[in-house]
Every structure is written in structure tokens, then in C-alpha cells.
Amino acid sequence: MDPQNTALAILPVITVLLVSVLTKRALLGLLSGTIVGAILLGGWGFFDTLVATFGKSMSNETVHWLALVVVLFGILIAYFNASGAVSDFARWTEKFVNSRRKSLLLTWLLTVALFIDDYLNALTVGTSMKKVTDRYNVPRTLLGTIVKLTSAPIAVIIPFSTWAVFFSALLEQDGVTVNGSGFGAYVQGLPFVFFGWFALAIGLLLALGVIPLVGPLRREQLRVDRTGDPLPEGLTEEERAAELSDETDTGHRPLPFNFLIPIITLIAVTIFTEVDIVKGSAAAVVVAIILYVAQKRMTIKAVFESAFEGIMSMGYVMVLFVLAFMVQQMNMDLKLAEWVIGVTEPVMHGAWLPAIVFLVCGVYAYATGAFWDLAAVITPVVLPLAIAVGVDPVLAGTAVFSGAALGSTTCLYGDGIILASKSVGVKPLNLMLSILPYAAVAAVLTLIAYVIAGFAIVGA
């Protein structure tokens, strides 16, 4: 049977999820998914299909862009660690962060402040705050949960972010504009990006301790209270040693600006270069080198050695990215998006359309690890359909964007989870399982909100 346009197209995704959960190894899950996809596409010639898909993944412009971002962030984080900048920042926060609640609230506020891109806040906040939250026996998975519940949602509801720029362009490309621009349509739709608002609120309430810890997070907190170890089980001795290393006894006064100046540079250059995070990251690396060499916190030799260490530290992340894009490519070749749309399109009508679109997009994004790709594929289908059945296309578009944010927040092999788990020092599977109960609540509330909005705006 031809797997294209049939339920067989979802087998690679199911394989990835099952193997990852059963073995607790995201890398093995992704590899298994690519093999299943190659067999479906190539049959006995699956090895040739596997090699060809690997080549497509390696030549993907998005992979190149991600590799640049990840490498630059890896170098910057290595400089932060080698110079003591992160430790200085953690020591400086002792002046006003003297409780568990304040440490988590600061985590949430920093993630909101770095709204420009979810990669930026996922990597930066985790790196800067884990030493702070460790003092109060905060599990690293809780730190990562707050960061991930905030990173993509804040990027999707602030109109001056990489997400907003991309989604605005999609709206304009499909002819949905306000005052002649897709940006105007995006701004008009911001109140209806329900998942962003609900996830942001849940992240804040979790940080304040209003919402209780449940599921894996509760079990992890009990373990940390018992052992005093904020790191989850399953890390190698080398990973554990690197995460728990402490450079606080440096003998000098903590200088928070050694951390803040490169970060402010990153934000400013990113904004002034039309939201180009690669240029922002490169500028931050240059500024960090100048600062630390001038203060004699790093030698020229240490600059090169730390850069190499930073690149190598991101090797696992880059391998995950390549495999994730191989799965995405196979999903495209198997026409998974077309199958999902074909199955659900018959019920996509009238006032139910926004809710159904959100549900389909959320499930698809979670299952495939495709977020912007999802929007690019589904938006041209959803917007004309919305117009045809009398639904506001802006409302329908926000349902797509909410679904993409849900996927970014929860997908095991999505770039958001991979980067956030790297920054807080946990495994992607541990982080995903911790996030799921809270993201599920936000998703259910979002679904209800789109049903209400659909009937309120469109009518039965």
C-alpha cells in the first residue's frame, strides 16, 4: 500500500514518541523514526532513502541557520562560564533574590524580557538562572518548565519578535491584511492568540507557587527535597560535574554587567538588524571577548579554547536537529500534512473552525516538531477555507499560530525543548514530561476559548 495520503504516514511520528518514552532516549527515538520513514518511502531500498534524506536535512537552509545560532550561543555560554560572568550574575541576584518564589519569578520575568526569540530566552535564561534556583532546591526540570511555558508564548504574543515577523508575512502573503499589511492583521489578532496568553499566565502562577506541582514535577521536587540534588537522574558523571561546577569563590566583587552587557548587545543588535538573531549573537560574542580580555578574566588562548569547548558542547544538540529535520522531511514526503488536513477538512466549517484548526495544528506540531513549517503549510489552506465559510480569517490564523506555539512548548524533538533542556542541564524527555500537564491545561482552555470565540463572532 502506498503510505502517502494514508494513515501509515503517521507511523514515523508514533515510532519517535514510543521509542523515546520507552527508552528515555530522544536520539534513539528520532533515529528509529527516520528508519521507519525510510522503509515506508523506499522499501528494500530504504538505506538509499535514508542517505538521501540525510543529505536534504544537511542542505536545509533552516538547519544551517540553526547551526549558526546554536554554535554562537554555545561559544557565548562557554565565555560566560570561563569568565565567571554567570556566577557573578547569580551572586549579584542574592541582593534581591532571597527566596525560592523570587528566584522563579525572576526566571519568568527574564524569559518575558527576552521576547525577541524563543531560542534566545530558552538558552539565555536557563543558563543564567540555574545557579540561582539551585540555591533553593528548585528542580532543574521546574526551571525548564517555567522557561518553556513562557518562551514561545511570549514570542507569539509580542508583535516585535521573530515569530511575529514570520507569521505576519504569512498573513500578508495569503492576502489577509489590516490597513494594507499583514503586520496590522497580526496585531489585530493578538487578543485571540489564546494559547500564548494562557501558557504565559500558567507559567507565572507556577513561578509564584499558586499552581501546585503535579506529575513528574511533584515527584522530582520530592526527590530534590530528599537528596538536595536539583539535577535529574540519568545524567552522566561528566554532565553532572559540569552542571554542578561552582566558580563563585573567585575572590572578586561580582560584576553583573559582564553578563548583562553582552545580553543587552544581543537584544539591541537583533532588533536593529530586523530581528536577525545570528547577527545579534555574533555581536554579543565579540563584546564578551572584548570585556573579558580587557578585564584579564580570559587570555587570548582561553578565548579560542573556550570557543572550541562551546562548539563541542552543542554537538549533541546539532545531531538532534539534523535527525529532527530528517523526520520532518519524511513527513513531507509521506504527505502527512495533507493526510491530516484531508481527515479533518470535512468537519472544518462554521463556528467550530477556529477550535478545530487549533486542535489539528497543535496535534500536528506536537507530533512532527514542525512549527513555522506547519504554519507555512496549513495557513494557505485554512485562510481561504475560513473566508469561504464566513469565519474571520484573522481569527483562523491565530488558531494556527496558537497550535504552533503549543507544539514548540511540548514537542520532545522540537528545537525549543532541545535548546531549553540543554540550557538547564536536563534530558529533553524529562523536560517534556514535566511540561505536559501544564501545557495540556493551557491547550484545553485554548480550545474552549476558540469555541466561544467562534460562536460569538460567527454564530452557530
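The values are calculated or read from the model by the stated rules, or taken from the named source; none is laboratory data. Predicted model only: the values in this text are computed from it and were never measured. Note that we place each Cβ from the backbone using ideal geometry, even for glycine, and neighbour counts take in every protein chain shown. Each accessible area value is taken on the protein alone, full model and side chains, heavy atoms only, with ligands, DNA and RNA left out. Shrake-Rupley method; radii C 1.70, N 1.55, O 1.52, S 1.80 Å.
Quick check: from the Cα gyration tensor, does the chain come out rounded (a/c under 1.5), prolate or oblate? Prolate, because a/c is 1.5 or more and a/b exceeds b/c. A 1.4 Å probe run over the stretch 136-202, with the rest of the protein chains in place, finds 30 Å² accessible per residue.
Note on the chain: with neighbouring protein chains present and a 1.4 Å probe, carbon and sulfur make up 69 percent of its accessible heavy-atom surface. When all alpha carbon pairs of the stretch 75-229 are counted in 10 Å bins from zero, the resulting P(r) reads 11, 34, 30, 16, 8, 1 %. Counting only residues at least eight positions apart within a chain, or on another chain, the lysines with an alpha carbon under 17 Å from that of LYS422 are LYS24, LYS130, LYS131, LYS148.
Proximity of backbone amide H atoms, modeled 1.01 Å from N, is registered between MET298 and VAL293 at under 5 Å, excluding neighbours fewer than 5 places apart on the same chain. Full extension of the chain between ASN98 and VAL187 gives 28.2 nm of extra length, using 0.36 nm per residue less the Cα-Cα distance. Remark: relative contact order (the chain) = 25 percent; criterion is Cα-Cα distance under 8 angstrom and separation of 6 or more residues. Only protein heavy atoms count here; on that basis, with a 1.4 Å probe, TRP372 has an accessible area of about 80 Å². Karplus-based coupling profile of the stretch 396-402, in residue order and whole Hz: 4, x, 5, 5, 4, 5, 5, with θ = phi - 60° in 6.51 cos²θ - 1.76 cosθ + 1.60 and x standing for Gly or Pro. Each label was represented as a point 7 Å from its Cα along the Cα-to-Cβ direction; for VAL51 and ALA456 these points are 5.8 nm apart. Between ARG240 and ARG226, the simple spin-label model (points 7 angstrom out along Cα→Cβ) gives 1.5 nm.
At full extension, THR273 and VAL319 could sit 13.7 nm farther apart than now, given 0.36 nm per residue minus the alpha carbon distance.
Sorting 105-115, 46-56, 397-407, 415-425 by average packing, meaning the other beta carbons within 10 Å per residue, from highest down gives 397-407, 415-425, 105-115, 46-56. Each of the peptides 298-310, 323-335 was scored by the mean count of other Cβ atoms within 10 Å over its residues; in descending order, highest first, they stand as 323-335, 298-310. Taking all protein chains together and rolling a 1.4 Å probe, ASP225 ends up with roughly 90 Å² accessible. Solvent-accessible surface of the stretch 387-460, averaged per residue with a 1.4 angstrom probe and all protein chains in place: 26 square angstrom.
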